[in-house]
Amino acid sequence: MLDWGSNPQFLLSVGGYHPRYKKPAKFPDVPRVTALIKKSEDIRLTCELYQAITSNAYQVGFSAELVIKKGNVKVCGF
């Protein structure tokens, strides 16, 4: 995305950008790139990624969540 107005800026993104980045109003909201690995209803791994280049920053972020259930026990890891 490019903005050539009085305050020129650009944003190149795959999966969005850092949550505290104050994007210009004209720039779109971009959803995270997400991968879900699910062995069954009891075991799942979810990963999310973003990477962005802006007028003044390079941003990259990754998060993962692992959930394992067995009977009444549930274990979550981030």
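A few remarks follow.
- Loop sites in the chain: GluC sites (Glu not before Pro), DSSP, at most 16 other Cβ within 10 Å: Glu41
- This model, with +1 at the C-beta of Lys and Arg and -1 at the C-beta of Asp and Glu, gives the chain a dipole about its Cα centre of some 240 debye.
- For a label point 7 Å along the Cα-to-beta-carbon line of Lys38, residues of the range 58-78 with backbone N under 18 Å: 64-71, 75-77
- The lysine pair count for the chain, using Cα distances under 26 Å and pairs eight or more places apart or on different chains, is 6.
- By the equivalent-ellipsoid construction on the alpha carbon gyration tensor, the chain comes out with semi-axes of 37, 10, 9 Å, ordered largest to smallest.
- Charge tally in the Cβ shell below 12 Å around Leu11, where Lys, Arg are +1 and Asp, Glu are -1, Leu11 excluded: +1
- Simple spin-label estimate for Val73 and Gln51 in nanometres, 7 Å along Cα-Cβ: 3.9 nm
- ³J(HN,Hα) computed for each position of the range 40-52 - Karplus, 6.51 cos²θ - 1.76 cosθ + 1.60, integer Hz, glycine/proline x: 7, 5, 9, 9, 8, 10, 10, 10, 10, 9, 9, 8, 8
- Farthest positive-ward along the range 32-78 dipole, Cα basis, beta-carbon charges - from Gln51, Cys76, Ala64: Cys76
No lab work stands behind these numbers, since they all come straight from the coordinates. Keep in mind it's a predicted model, so treat the numbers as computed, not measured. All Cβ positions, glycine included, derive from the backbone under ideal geometry; neighbour counts span all protein chains shown.
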